[in-house]
Structures are given as C-alpha cells and as structure tokens.
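Visitor: Starting off with a structure, shown below.
Only the coordinates and a few stated rules stand behind these numbers; no lab work does. Note that the structure is predicted; figures quoted are calculated from it, not measured. Backbone-built Cβ (ideal geometry, glycine too); neighbour counts: all protein chains shown.
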Amino acid sequence: MLKVSNLSVGRGGISLLNDVNFVLKAGQALVLRGPNGVGKTTLLRCVAGLQDPLLGDIDHEGSVAYAAHAEGIKGSMSVIENLKFWADVYGRSMTEEVLLTYKLNDLAQRPAANLSAGQKRRLSLTRMLVTGCNLWIMDEPTASLDAENIALFYMTVNSHLQAGGAALLSAHNDLNLNAETLDLAQFCKARSIVTSNFDEPLE
Amino acid sequence: MIQLFTRDVVLSVRSGGGFGLALAFFLIVVVLMPFALGPDQFVLAKIAPGLLWLGALLACLLSSDRIFGMDYEDGTLELLATSPLPLESVYLAKSAAHWLTTGLPLSLAAPVFGLLLNLNLKVGGVLCLSLLLGTPALSLIGSFGATLTLGVRRGGLLLSLLVLPLYIPTLIFGALAVNAAALGKALDGSLLSILAISLGAIAVLPFFSAMALRANLQ
Amino acid sequence: MRTILGMKYFWPYFWKLANPKVFMRWSGLCLPWLIALTVLCLGTGLIWGFFLTPDDARQGSTVKIIYLHVPSAFIAINGYFVMVLGSLFWLVRRQHVSVLVAKASAPIGMTMTVIALTTGAIWGQPMWGTYWVWDPRLTSFLILFLFYIGYVALWAAIENQDKVADLTSVLALVGAVFAVLSRYAVLFWNQGLHQGTTVTVADGVNQKNISSIFFQPLLLSMIGFGLLFLTLLLVGTRTEIRAQRLQVLEGLEKLK
C-alpha cells in the first residue's frame, strides 16, 4: 500500500529526518511518534505529496486522503454540504448514513461555523470516510476529541483496516490502537544543511 | 472541477463578498469621477469608455486576492492539493467562479453605469461585449497573481503591483474597441484581440499558476 | 565544424558554472579584466562621443545624450532577457546560481530602464517641447519598468529562498509574454488615438541616415554598457551567492 524508502525530509533548508524506511500493508496502521518539532507533520506532508522529499522514494497506489491540523471546513456551508463537496471532489457518491459514524446526524444541517472544535474535528474525520480512499494520512487526529469520540475514532480506524485500508497517523500521546509505532526521534540524529552546493566554503 | 466551481459561487454569494462588493466599488468609482472631472456632459461622454473599463478592471483586481486567500488560510487548499483534482483545474474552477460572481455582473452593469457618464446605449452595448470578452482574462490574470502572493501577509498591495502591468494589453484593446464604437467607427480587430488574450490566458496560465501553488504549499 | 567543436567544449563548462564554487572562482578571475575593459570601452566611447564629435546641425549638442540613452535602453531590454533565461534555467535545472543571476539582473536592468527614460525625457524636452510623450516606444519602456518593479517586489516579499525563487521565476516567464504583448498592444493603441500624428523618435541605431561619425563612438558606448552590465551582473550574483551561503551558515549555527 505504502512504501517509504531511504526518505529524508526537511524544512527551511535543514533536514529533519534522515533515512526513514517503512512499509505499510493493507490492513495495517502505523503511528508516528515523537516530540514537537521532530518532523511528524513534514513527513506526513511529504507522503501526502504536498512537499518534495529531500531524498528517497515514496510509493503508494491510488489517491490518499489527508487530514491536516487545519481542517478546511467552510463555515458558511452546513455539515452535510461540506461532506458532499469532498465526496464530489473524490468522485464518490455519499449517503447520509456516514454521518452516524461520528454521531453528526443531528448536526447535519447546521452551518459548520457554529460547530465546536471537537465537532469540527469529527467532521474532518468523517471526511476521510467520504473520500473512499484506502490510504489515510492523519496528522494528530485525536486532538480536541473527548474520550467517547476517541473510542469512536479507534473503532472507525479498525473497521477501515479490516476493510483492507491502511492508515498513517501521527500522535504525541499514546494511541490505544492496535497499530505499530514508529518513534521518529531515532531518525533525527544526523540533521544537516541541505541547500545543494552551498554546504561547502565558497573560496 | 464543476463541484469546486459551484462551491466557490455558493460561498461568495453567501458571504456577500462576491456579487455585491465589486459591483458597489465599480459604482462608487463611476460616481466619484464626475466630481473629479466636472459635470460637462461632452467631456464625460468622451472619457466614459476608458473610465468604465478602468473601473471594472480595478473592481476585478480588488476582489481577486480572496480567490485563494480563504482556502489557503483554512487549509482547504492543502486538502485540495492532495485530492485527485489537479491544481490546474483548481485554478480554472476558481477563476471561473470569480468571473461569474465578478466579471459577469460588472460587464452587465457597465452599460447602465455608463448612462451616468452620458454614454449612449449603443456604445454601451459594445462596452458590455468588450467586457464580456475581456473580464475572463482579468479574472484569470488576477487569480494567477493571487497564486503568487498566497503566503504574503498583507499581500493586497503586492498583488496589485504584480497584476496591474499584466492587465495592460487587455485594457488597451478593451478601451480601443469601445472608443472606436464611440467615434462611430467600424469595429476593428480589438474585440478579437481581447478574445485572443482571454483564450491565451486559459491556455497558458493554469500551468504556471499550478506551479506557483505547488511552490506556495511546500 | 569549428563552431560545433567550440560548442562541444563550451556548454559543459558553462553548466559547471551552476556550481557556486566554480562560479565564484571563474567570476573572481574574470572580474578584474572585465572591469578594466569596461572602463576602457565606456571611457573611450563616452569621451569620444561627448567631446570629439561635432554638434548635430538640427539638434545641436543635445544629440550627444544618445551615447547614454541608446546603450542604457539596449541593456534595459537585455537585462530582462537575462532575467527570463535565468528563471527558465532555474525552473528546468533547479540550480540556484541561475536564479541568483536572474535576481541580480533585475535591479541592474531596472536602473538602466530609469536611465533610458530619464535621458529620453531630457533629450525630448528641447526636441519636442515636452518631457514626456505617450509615444509607443517610450510607453513600452515605462511598462518594462513596471514589470521590473513587480519582479523585484516579489523577491523582497518572501523569506523562503526556494519558494521565492520558484514564484519569481514563474512571474518572470509570464511577465515576459505579457511584456511582449503590451509592446504590440501599445503600437495599436497609439496609432488608434493619434492617427498619423505620431512623433518620430530620432533613435540613433534604427535610423539609417545616422552618419558614421556618430555611429562609431555609439557602438563603443554600447559595448561599454554591455560590459558594464556583465560586470555588475557578476558582482551582483557573487553577492547573492555569498548571501545564500550566509543563510546556510546561520542555519548551521541554529543546528548546534
């Protein structure tokens, strides 16, 4: 599903993570762990195709569904309209049943601007289901969720995995998820400057 | 692509920043001009074509920094960039939505506003036609400029600096066409030139805009 | 055959200049010679032009501003051309030096545009009785100036070097298309407004009747300005390369 080999990623001309290797098969989830600033988001952005890696290869089949910190929710559209839009973008049809997953059914017609932070997060997690993609890439998906909804989230991810999907997640606390964990701290030892040709003295 | 277009149109209608503001701005520019230039009907009729073109152009420009701005700030653009929709289509859909909510109303309103400047309706028709052909280019160029200034804080001024020089050919041919009509001359190639610029912009700018978007999302 | 052989040896070396170290070495070697040559050509050309040519029968001594006006206009256009080439190479080959050449070229070209416009205005005052006419050629240069401003302003607005290099390069390429378009649009525009009453600009090189007494020093001035541009371009690019290196060093400090 996803194969990352010899990947180096960086930001602002400095490499953050070097020589990252992992394979994600269908039905598997991988949790990226590490302290703030270690490069979790950067790595996820690279895998999602937003950012070019410095070195190495990322191979995956089909399109990915990416959920970032910024949720891209339009306040003047209702919950259901927001979801319909993303279903259309991914060329999928959408039934209202998907709202049941995170218990958004009562909020369906409410303008998204009136949602709380946790409700918005649930909306953006529902968006992942709507895209119909097999590979989910999620940046700290459990942020601003309460215990009940975190449990819902685990259930959803597990059923996604059972259906042959895969998920790559980042978290800075433990996820009670039946998934492998990759500690990113081990890849950031050899941080270096990467601006090509400018790393040696000029004269 | 059509879904993004529809969504943008819906959003701009709901937020009230689409149809309303640009049109109101256009009206104010037209109303202020006689105060600056005097109420002489002959003078006003003489400068009306150029003035209306300039007013429409500025209204188009001022509304263009929101084309990508909102989606960039709330993260939608990142999500769109990871979706199967190519960035070229994102650019085209958003420019088209901008044209529908800005360029089209401006074109239709221009002959009516022209009455305030003693522009007769026959010339007004040519004005409307030239704007209908030219505003797509204005939207596309403005939207291209918006992709360049995406990450710049208070990028509005910079956007004008980048986009206004690019507007020059469209403005020249647009005003030429209407001036020719006002002098009672047969329409020459000006209208065709405007059309050519719009079509050229559709052909070339998506590629460069997608490049700029990709650079800005890095 | 000879030229082909020449090309075969030229291009590999040319692309090696994309390495900052190689560029610094070669530009450092060339600069003293370039400076000397510039001073020689420009000094000779201007002194010859200003003091050793007779006054024009019709225009008097004002014609001598041609030795500044024409060469600066020539560089103004070629500066933009270099900018576009540098940008194109950056987008295709992703080597920093080329985009830094483009960056260094812009302020030089912009200054030359200002010189061309100013000298044109000073020349135009006694000739046409006014400092400014919306003649197609003058207008085109004014538009060129606007394009330069936009490019320089975009460089100044964004911190991230790779991002701003991409964005300015895209702008330079699109700007080039629209600058050419504006040039032709302006021709139509002026023709359309002042049918037949356009002012003829006595722009030296394009007028066949210019005599060789004026032409020889003009040619020398133009070569001098070309060398001056090259010198400034090298100095500017060297500065930009050092600035880039400085950023890398600052980054290294942060890592420690």
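Visitor: So if each residue of separation counts as 0.36 nm, and I subtract the Cα-Cα distance between residue C:93 and residue C:114, what length gain in nm does that give?
Guide: On the way: separation 21, 0.36 × 21 = 7.56 nm, distance 3.21 nm.
Taking residue C:93 through residue C:114 to full extension adds about 4.4 nm, to one decimal.
Visitor: At 222 nm, what helix-only mean residue ellipticity would the protein assembly as shown give, in deg cm²/dmol to the nearest 500, using -39500 (n - 2.57) for each DSSP H run of four or more? Please report the intermediate quantities before stating the final value.
Guide: On the way: 22 runs with 440 residues, N = 677.
Computed mean residue ellipticity for the protein assembly as shown: -22500 deg cm²/dmol.
Visitor: Shifting gears a bit: Let's test the formula: R0 of 60 Å, r as the Cβ-Cβ distance of residue C:25 and residue A:150. What FRET efficiency results, to the nearest 0.05?
Guide: Values: r = 60 Å, r/R0 = 1.00.
For R0 = 60 Å, the calculated efficiency reads 0.50.
Visitor: Let me ask you something else. Taking neighbour counts of Cβ atoms within 10 Å as a proxy for exposure, in what order, fewest first, do C:225, C:215 appear? Could you put the intermediate results ahead of the total?
Guide: Numbers: C:225 26, C:215 13.
Neighbour counts put them in this order, fewest first: C:215, C:225.
Visitor: Mind running the shape call on chain A? Use the C-alpha gyration tensor, a ≥ b ≥ c as the square roots of the eigenvalues: rounded below 1.5 for a/c, prolate if a/b tops b/c, oblate otherwise. Mind dumping the intermediate values first?
Guide: Working: a/c = 2.05, a/b = 1.84, b/c = 1.11.
The shape class here is prolate.
Visitor: Using the 2.2 N^0.38 Å rule of thumb for compact globular proteins, work out how region B:2-217 stacks up: its C-alpha Rg over that value, please. Each step should come with its number before you reach the end.
Guide: Values: Rg = 17.5 Å, N = 216, 2.2 N^0.38 = 17.0 Å.
Here the Cα radius of gyration is 1.03 times the empirical estimate.
Visitor: What value in Å³ per residue do you get for the convex hull of the alpha-carbon atoms in chain C? If you can, show how the numbers build up before the last one.
Guide: Numbers: hull volume 43.0 nm³, N = 256.
Taking only Cα atoms, chain C has a hull volume of 168 Å³ per residue.
Visitor: Span-like helices, chain B: DSSP H, alpha-carbon axial extent 15 Å or more, mean Kyte-Doolittle 0.0 or greater, which ones?
Guide: Values: long enough: B:2-15 (20 Å, 0.66); B:19-37 (28 Å, 2.77); B:41-62 (30 Å, 1.86); B:87-98 (16 Å, 0.31); B:104-116 (20 Å, 1.94); B:121-148 (39 Å, 1.60); B:156-182 (35 Å, 1.97); B:190-217 (38 Å, 1.76).
Membrane-span-like by this rule: B:2-15, B:19-37, B:41-62, B:87-98, B:104-116, B:121-148, B:156-182, B:190-217.
Visitor: Springs between alpha-carbon pairs under 10 angstrom, Gaussian network model over chain C: which of C:189, C:11, C:132 fluctuates most?
Guide: Checking each option, the largest mean-square fluctuation is seen for C:11.
Visitor: Filter A:40/A:189; A:189/C:163; A:40/C:21; A:84/B:94; C:163/C:254; A:103/B:94 down to the pairs with a C-alpha to C-alpha distance above 23 Å, please. Could you put the intermediate results ahead of the total?
Guide: Details: A:40/A:189 15 Å; A:189/C:163 26 Å; A:40/C:21 34 Å; A:84/B:94 18 Å; C:163/C:254 21 Å; A:103/B:94 33 Å.
Cα-Cα > 23 Å for A:189/C:163; A:40/C:21; A:103/B:94; rest within.
Visitor: Please give the FRET efficiency for residue C:131 paired with residue C:215, using the beta carbon to beta carbon distance and R0 = 22 Å, rounded to the nearest 0.05.
Guide: Working: r = 27 Å, r/R0 = 1.22.
In this case the efficiency is close to 0.25.
Visitor: Then there's this: Under 16 Å from a point placed 7 Å out from the Cα of residue B:118 along the Cα-to-Cβ direction: which residues of region B:48-87 have their backbone N that close?
Guide: Within reach of a label on residue B:118: B:48-52.
Visitor: I would also like to ask the following. Two decimals, Cα atoms only, Kirkwood Rh: what is Rg/Rh over region B:92-180? Each step should come with its number before you reach the end.
Guide: Values: Rg = 14.4 Å, Rh = 13.9 Å.
My calculation of the ratio gives 1.03.
Visitor: Also, I was wondering about something else. What area, in nm² and to one decimal, does the C-alpha convex hull of the protein assembly as shown cast on average over all directions? Numbers along the way, then the final one.
Guide: Working: hull surface 144.3 nm².
Its Cα hull, projected and averaged over all orientations, spans 36.1 nm².
Visitor: Using a 10 Å cut-off on Cβ atoms, rank the peptides A:160-167, B:3-10 from the highest mean neighbour count down.
Guide: On the way: A:160-167: 17.2, B:3-10: 19.1.
Output ranking for A:160-167, B:3-10: B:3-10, A:160-167.
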